[in-house]
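Accompanying notes for the structure given below.
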Amino acid sequence: MGTNPFEMFKQLQGLQSRVGEIQEKLKAVRVTGSAGGGLVTVEMNGQMLVEKVVIAVEAVDPRDIPMLQDLVLAAMTDALERLKEKIRDEVSQATGMLGLPPGMLGF
């Protein structure tokens, strides 16, 4: 039996509405990534903008700048992964409520 195009259209309208809701929710999301046991932390908002970088004094060795660069990169990557997980959770909830199969939207 074929898919009812009107039902699919209704689901897509519902999804569009949920995407707007998700975008609003994500404005309030904050994640913190860290590296080096907390020597470097990065705070990122739900719009994938870095809001704060904190570097502990112990992480600053002028003779080993590459290590500090690696810690900053690792903390940023950690924050981004945490944010992606939150986004996946929100999208999963939204698509589940609409009866769409998991992963249909690429998340």
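Laboratory data are not the source of any read-out in this text; all were calculated from the coordinates shown. None of these values were measured; they are calculated from a predicted model. In this analysis, Cβ positions are derived from the backbone assuming ideal geometry, glycine residues included, and neighbour counts consider all displayed protein chains.
Quick notes
- If you count Lys pairs in the chain whose Cα atoms are under 25 Å apart, skipping same-chain pairs closer than 8 places in sequence, the total is 9.
- Length-normalised contact order of the chain in % [C-alpha pairs under 8 Å, at least 6 apart]: 26 percent
- Using the average count of surrounding beta-carbon atoms within 10 Å as a protection proxy, the listed peptides 21-28, 70-77, 57-64 rank, highest first, as 70-77, 21-28, 57-64.
- Student exercise, the chain dipole from Lys, Arg, Asp, Glu Cβ charges, in Debye to nearest 20: 420 debye
- Label selected from (i) 46, 34, 25; (ii) 69, 25, 16; (iii) 41, 26, 26, the criterion being Cα extents along the principal axes in Å as computed here: (ii)
- Here the average projected area of the convex hull drawn through the C-alpha atoms of segment 35-82 stands at 3.1 nm².
- The calculated FRET efficiency for the pair R63 and V29, based on their C-beta separation and a Förster distance of 35 Å, comes to about 0.40.
- Between 0 and 90 degrees, the angle of helix 65-97 with respect to the longest Cα principal axis of the chain falls at about 20 degrees.
- Degrees, to the nearest 10: 5-27 long Cα axis against longest axis of the chain: 20 degrees
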